[in-house]
Amino acid sequence: MIATPLTRRRLLGAAASATLLAAAPGFAAAPLQGPARTAYRRFRLGDFEVTTLLDGAVALDGPYPIFGEDQFAEDVAALAQANLLPADRMTISFTVTLVNTGAELILFDAGNGAGRRPDAGALSGALAQAGIAPEQIDVVVITHMHPVHIGGLMENGAPAFPNARYVTGAKEFDFFSKTPPERLAALIAANVAPLAEKMTFLEPGGAVAPGVEAVAAFGHTPGQLAYHVESAGRRLMITADAANHYVVSLQRPDWHVRFDMDKEGAAATRKALFGMIAADRIPFIGYHMPNPAVGYVEPLGAGFRFAPESYQLSL
Ligand SMILES: [Zn+2]
């Protein structure tokens with residue numbers, strides 16, 4: 001094939017033909033359909049299969065002051081802009097992870113729940129598109145008890161995953177069942193308490209299933225757990241909310257984040273957890289990383305550079 005240089009003249013010619021076609025009788029213009037995202041991404045990990053499922057994505061003001069609330073606004077803005085992001089608006093997505101071990105289907109977190117907020121709560125639709133019925137879910141792991149992770153546990157007063165057992169951190173359950181922050185108390189009572197009898201509680205190092213092990217990720221909440229997944233020598237970390245902005249949280253792990261209950265503890269967790277992920281060069285899935293939320297990190301200054309997964313897990 002002979003490459004033809006794509007000149008400005010040729011581009012203008014193509015544009016002119018397109019205009020003529022659109023205007024010609026019998027050629028209706030296709031209606032704009034609005035922005036769209038992919039509902040799920042699936043890949044193999046050894047003998048396991050991993051699917052990330054989009055529960056939703058919302059636009060909000062930020063990164064500052066949600067991220068870098070202890071910094072000068074200009075410094076956070078400069079970091080965003082240096083990374084080709086706008087200074088004052090951001091998107092945060094919600095990505096639920098499903099691990100099929102061959103023996104069990106394990107869901108990590110349950111999304112916002114249908115109808116709780118616009119642009120989120122789409123987990124059941126994403127699962128359906130991925131070919132999974134809620135009844136098939138064997139285990140629901142609750143990484144921590146913030147609303148956007150537990151909102152989808154119950155639907156119309158009944159468990160959304162009727163055949164599942166539940167796993168969460170012992171420390172997390174203890175804190176949120178006994179002394180939940182006031183704004184979360186009603187949701188914990190409605191969505192966690194009814195499932196408590198089907199729940200088992202893990203310490204760091206405990207296993208959900210063979211190859212799926214809890215890792216301490218305290219700070220964001222008192223008892224948040226990350227999960228290390230390993231099958232046939234392939235490894236993956238599910239980092240939950242240890243880092244929630246792919247630029248600010250990873251490049252400046254020390255900067256305070258509004259939603260981290262213990263700012264210093266969360267920073268220490270970010271550095272330790274992502275330090276290990278960077279050193280071992282393993283992929284991770286972060287609940288609020290840009291959907292499909294799978295990537296790698298490498299050391300960069302005092303923090304890390306996020307490299308989205310492209311084809312590494314499809315080879
Ligand atoms: Zn959270």
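Do any residues in the stretch 286-312 that are over 15 Å from Ile92 (Cβ atoms) and touching a residue at least 12 places away in the same chain (Cβ under 8 Å) have Cβ atoms under 7 Å from those of residues that are among the basic types (Lys, Arg) and not in a loop (DSSP other than H, G, I, E, B), where the two are at least six apart or on different chains, and which pairs are they?
Val294/Arg41; Val297/Arg305; Glu298/Arg305
Here are some residues: Gly219, Gly151, Gly169. Which one is over 24 Å from Met276 (Cα atoms), under 21 Å from the mean Cα position of the chain (by Cα) and within 16 Å of the ligand (Cβ to nearest atom)?
Result of the check over Gly219, Gly151, Gly169: Gly151.
Only one of (1) open to solvent by 20 Å² or more (accessible area, probe 1.4 Å); (2) more than 16 Å from the ligand (Cβ to nearest atom); (3) modelled with pLDDT of 95 or more fails for Pro283. Which number is that?
For Pro283, the exception is condition (1).
Tell me, yes or no, whether the stretch 189-207 has at least one residue that is within 21 Å of the chain's Cα centre (by Cα), over 21 Å from Ile137 (Cβ atoms) and open to solvent by less than 10 Å² (accessible area, probe 1.4 Å).
Checked against the condition, which is being within 21 Å of the chain's Cα centre (by Cα), over 21 Å from Ile137 (Cβ atoms) and open to solvent by less than 10 Å² (accessible area, probe 1.4 Å), the stretch 189-207 yields no hits at all.
Looking at the stretch 107-118, is at least one residue surrounded by fewer than 16 Cβ atoms within 10 Å (Cβ to Cβ) and within 16 Å of the ligand (Cβ to nearest atom)?
Yes, the stretch 107-118 has at least one match.
I'd like the full set of residues that are within 13 Å of the chain's Cα centre (by Cα) and outside any loop (DSSP other than H, G, I, E, B), limited to the stretch 28-67.
Within the stretch 28-67, Tyr40, Arg41, Thr51, Thr52, Leu53, Leu54, Asp55, Gly56, Ala57, Val58 qualify.
For the stretch 95-106, which positions are open to solvent by 10 Å² or more (accessible area, probe 1.4 Å) and among the hydrophobic types (A, V, I, L, M, F, W, C)?
Scanning the stretch 95-106 gives Ala103, Leu105.
Looking for whichever is free of Cβ contacts under 8 Å to residues at least 40 places away in the same chain, of a type in the set (A, V, I, L, M) and more than 30 Å from Glu298 (Cβ to Cβ) here; the options are Ala185, Ala170. Which one fits?
Ala185
Only one of (1) touching a Leu at 6+ places or on another chain (Cβ under 6 Å); (2) farther than 28 Å from Tyr311 by Cβ; (3) surrounded by 15 or more Cβ atoms within 10 Å (Cβ to Cβ) fails for Gly68. Which number is that?
The failed condition is (1).
The values are calculated or read from the model by the stated rules, or taken from the named source; none is laboratory data. Being a predicted model, the structure only gives us computed values, none of them experimental. Here the Cβ is made from the backbone with ideal geometry for all residues, glycine too, and neighbour counts use every protein chain on show. What goes into the accessible areas is simple: the full protein's heavy atoms, side chains included, and nothing from ligands, DNA or RNA. Shrake-Rupley method; radii C 1.70, N 1.55, O 1.52, S 1.80 Å.
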